[in-house]
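The next block holds one structure in the form of structure tokens; read it before the comments.
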Amino acid sequence: MKAALNTGITGQLLEKGVKLISGDLIDENSLIRALEATEAEEVYNLGAQSFVPASWDQPILTGEITALGVTRLLEAIRIVNPKIRFYQASSSEMFGKVQESPQTEKTPFYPRSPYGVAKAYGHWITVNYRESYDMFAVSGILFNHESPRRGLEFVTRKVTHGVACIKAGLQKELRMGNLEAKRDWGFAGDYVRAMWLMLQQKTPDDFVIATGETHPVREMCEIAFSRAGMDYKDYVVQDKKFFRPAEVHTLTGDAGKARRVLGWKPEVDFKGLINMMVDADIDEVDRQVKNGSLSPRK
């Protein structure tokens, strides 16, 4: 069985036998030590300052971690064992102000946030190390991928958790930004399978991973509230403070290459994904209310 190092581990132990090793994408020596300790054959770099709005507040930190962190990790691999297979988590945010639709591996990048710019750097430095040092280094240009484990600061989880809290009487409204922004949303479990498939190929290459469908935030709200027996129009309030300084209005991916080469396709559709997340949040909020960690409003 191959040893693998995942730089995106953020906390709780998911399975018995998983060992957490401290490391920092700002500290190359810690990455070298982690590679030596694990004797990894595969490295999945999911580590980043990954919240787009926060990149406007912390552009330098975002560059240090999300951009230069990739170089530090690639250098650590080159020093310890250049035969390690490396996966870089690139992002659809690199397309930003899209130059064509849908977006493919050949679509020019036009990032519209410090996060998108940093991801573009991480993508190209991965290509550079692949071509300069003959390393098995690939980038997955993943469009938005979600699950019940998504952070509460991200729009999908903000909506589904908000639905659960409103249903439980914990809040009365859900304040949102641009409801007309459209994204290509898929299930994280499907996308992780694509990551693994990329590192099992004979030659390294980059792939767009997406569903090929776009849905506005408004539709997400409609599905999520409907799942809980409510009408989103009664609870959702648009608030301009949640709008981005430079909006990315529509992103749609073409994963045709991944289907042909990797044999990959998504298995969970958009409605199924949102329903899954609403159900999980309702169960979790109900559990917290019952154990007293959350209290409904009087």
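Residues in region 193-235 that are farther than 16 Å from Phe86 by Cβ, in a helix (DSSP H, G or I) and of a type in the set (A, V, I, L, M): Val217, Met220, Ile223, Ala224.
Look through region 66-97, keep the residues that are among the hydrophobic types (A, V, I, L, M, F, W, C) and closer than 22 Å to Glu146 by Cα, and return whichever of them is surrounded by the most Cβ atoms within 10 Å (Cβ to Cβ). Spell out how you get there, then give the answer.
Initially, region 66-97 is screened for residues among the hydrophobic types (A, V, I, L, M, F, W, C), giving 67-68, 70, 73-74, 76-77, 79-80, 84, 86, 89, 94-95.
The next check asks that each one be closer than 22 Å to Glu146 by Cα; those that pass are 89, 94-95.
On the way: Ala89: 24, Met94: 26, Phe95: 29.
Filtering first and then ranking leaves Phe95.
Within region 143-177, the set of residues being of a type in the set (A, V, I, L, M), surrounded by fewer than 19 Cβ atoms within 10 Å (Cβ to Cβ) and touching a residue at least 40 places away in the same chain (Cβ under 8 Å) comprises just one member, Leu170.
Does region 72-95 contain at least one residue that is assigned to a loop (DSSP other than H, G, I, E, B) and under 21 Å from the mean Cα position of the chain (by Cα)? Talk me through it step by step, then tell me what you get.
Taking region 72-95 and keeping what is assigned to a loop (DSSP other than H, G, I, E, B), we get 81-84, 95.
Among the residues that remain, those that are also under 21 Å from the mean Cα position of the chain (by Cα) are: 95.
Looking through region 72-95, at least one residue is assigned to a loop (DSSP other than H, G, I, E, B) and under 21 Å from the mean Cα position of the chain (by Cα).
Contact annotation: residue pairs with Cβ atoms under 8 Å, 6 or more positions apart or on different chains, pairing a residue in region 178-189 that is within 13 Å of Arg150 (Cβ to Cβ) and free of Cβ contacts under 8 Å to residues at least 60 places away in the same chain with a partner that is surrounded by 17 or more Cβ atoms within 10 Å (Cβ to Cβ) and charged (D, E, K, R), are Ala188/Glu146; Ala188/Arg150. Pairing each residue of region 203-228 that is farther than 25 Å from Ala280 by Cα with any residue that is surrounded by fewer than 20 Cβ atoms within 10 Å (Cβ to Cβ) and small (Gly, Ala, Ser), provided the two are 6+ apart or on different chains, yields C-beta distances under 9 Å for Val208/Gly256; Gly212/Gly256.
Of everything in region 135-145 that is part of a loop (DSSP other than H, G, I, E, B) and in contact with a Pro (Cβ under 6 Å, 6 or more places away or on another chain), the residue that is nearest to Thr214 (Cα to Cα) is Phe136.
Here Thr104 qualifies as of a type outside the set (Asp, Glu) and at pLDDT 95 or above.
In region 257-275, is there at least one residue being over 26 Å from Glu100 (Cα atoms), aliphatic (A, V, I, L, M) and in contact with a Pro (Cβ under 8 Å, 6 or more places away or on another chain)? No: zero hits.
Examine region 117-134 for a residue that is assigned to a loop (DSSP other than H, G, I, E, B) and over 19 Å from Asp184 (Cβ atoms), and state whether such a residue exists. Lay out the reasoning, then the answer.
First, pick out the residues of region 117-134 that are assigned to a loop (DSSP other than H, G, I, E, B): 134.
Now drop any that are not over 19 Å from Asp184 (Cβ atoms), which leaves 134.
Within region 117-134 (the criterion being assigned to a loop (DSSP other than H, G, I, E, B) and over 19 Å from Asp184 (Cβ atoms)), the answer is yes, since at least one residue qualifies.
The set of residues in region 102-116 being part of a loop (DSSP other than H, G, I, E, B) and small (Gly, Ala, Ser) consists of Ser113 alone.
The values are calculated or read from the model by the stated rules, or taken from the named source; none is laboratory data. Quick caveat: nothing in here was measured; it's all calculated off a predicted structure. Backbone-built Cβ (ideal geometry, glycine too); neighbour counts: all protein chains shown.
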